[in-house]
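Heads up: the structure comes next, in structure tokens.
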Ligand code: NAP
């Protein structure tokens, strides 16, 4: 699996990882097997959150990574309601317990909170100093939020911004992506398949994916994923609760799309205008 430096720490992380949202609703054994198959295939970046299944998904992730914690780049998120200084410290302890580990690789603020950013980031820095997290990042942050976080934390502290990015929603390309590139903040694409609303093969865009996939003996989902992580510094975390889906997604890393194919996909799924607000799911 191709790796790229993840944010200012430069830590090498696979460009494709695994999401876990709503996994508490899936067949548990299949979901655990899918995560394990994904890890075996190199998708060691695992994304979860205290919100998912109200903690049940973190417990499921614990089962999937049991005995192989050191292979995994583990990311979880604090809910905005818990993002006061003390709330972050408490939430992190609870996540660590549910995940059966003593440390997270990255801890994220799930989205902007009513709690002042100063307290949240101070707690994140304490967790780094205490060895409970390797780094911290944000999610669903627009450029003004990122500027504020940078002003509070100083340069070189924000590991990543996890944002909505799929073929039907390319708004981050206007401002968030260039900002992150300039400040060495990793961009992690969530819901890379539109959260299950993938372009149908009968649509004009879907046909383009099918045709390009056929040229490479690949699947349309692989073509879509490869487009999203076409540049270093971009990562994606597709969710799969079926082991065959996980293995297929990992296979996207070895797909080499030509510049002409990338351009054709870009034309089939246009970026659109800069929206007033950053789209979120
Ligand atoms: P997604 O990854 O866009 O799509 C998941 C859907 O695609 C599932 O129905 C899955 O089916 C299907 N799928 C996966 N691989 C496939 C393949 N190779 N072929 C056909 N279908 C395939 O959805 P998502 O869960 O919304 O997003 C991914 C992750 O991003 C989440 O799980 C979560 O970790 C993160 N996220 C973060 C935020 C945030 O606010 N920070 C918000 C949303 C999501 P099966 O399950 O049947 O395999």
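Some notes on this structure:
- The range 189-201 residues that are in contact (Cβ under 8 Å) with a residue 12 or more places away in the chain, paired with ones that are assigned to a loop (DSSP other than H, G, I, E, B) and more than 6 Å from the ligand (Cβ to nearest atom) (beta carbon under 6 Å, 6 or more apart): 189/165; 194/168
- Among the numbered conditions (1) at positive phi; (2) buried (at least 24 other Cβ atoms within 10 Å of the Cβ); (3) within 14 Å of the ligand (Cβ to nearest atom), the only one that residue 23 does not meet is (1).
- Inter-residue pairs, beta-carbon under 7 Å, first under 12 Å from residue 248 (Cα atoms) and in the range 21-46, second part of a loop (DSSP other than H, G, I, E, B) and at pLDDT below 95, 6+ apart: 42/1; 43/1
- Taking the criterion of being assigned to a helix (DSSP H, G or I) and either within 7 Å of the ligand (Cβ to nearest atom) or crowded, with 19+ Cβ neighbours inside 10 Å (or both), the residues of the range 232-247 that qualify are 243, 245, 246.
- Within the option set 159, 224, being within 16 Å of the ligand (Cβ to nearest atom) and in a strand (DSSP E or B) holds for one residue only, 159.
- Any hit, the range 258-272, residues being in a loop (DSSP other than H, G, I, E, B) and under 17 Å from residue 43 (Cα atoms): no
- Any hit, the range 254-277, residues being buried (at least 23 other Cβ atoms within 10 Å of the Cβ), touching a strand residue (DSSP E or B) at 6+ places or on another chain (Cβ under 9 Å) and at pLDDT 95 or above: no
- The one condition from (1) within 15 Å of the ligand (Cβ to nearest atom); (2) at pLDDT 95 or above; (3) over 16 Å from residue 14 (Cβ atoms); (4) not in a helix (DSSP H, G or I) that residue 197 does not meet is (2).
- Residue within the range 105-124 that is within 15 Å of the ligand (Cβ to nearest atom) and part of a helix (DSSP H, G or I) present: no
- In this entry, residue 205 passes the filter for residues that are touching a residue at least 24 places away in the same chain (Cβ under 8 Å), more than 9 Å from the ligand (Cβ to nearest atom) and more than 30 Å from residue 146 (Cα to Cα).
- Every listed requirement among (1) more than 12 Å from residue 246 (Cα to Cα); (2) away from the ligand (no atom under 12 Å from the Cβ); (3) not in a helix (DSSP H, G or I) is met by residue 49 save one, (2).
- Of residues in the range 79-110 being without any contact (Cβ under 8 Å) to a residue 40 or more places away in the chain, within 18 Å of the chain's Cα centre (by Cα) and more than 15 Å from residue 11 (Cβ to Cβ), the one surrounded by the most Cβ atoms within 10 Å (Cβ to Cβ): 109
The values are calculated or read from the model by the stated rules, or taken from the named source; none is laboratory data. This structure is a prediction, so every number in the text was calculated from the model and none was measured. Using ideal geometry, Cβ is built from the backbone for each residue, glycine included, and neighbour counts are taken over all protein chains shown.
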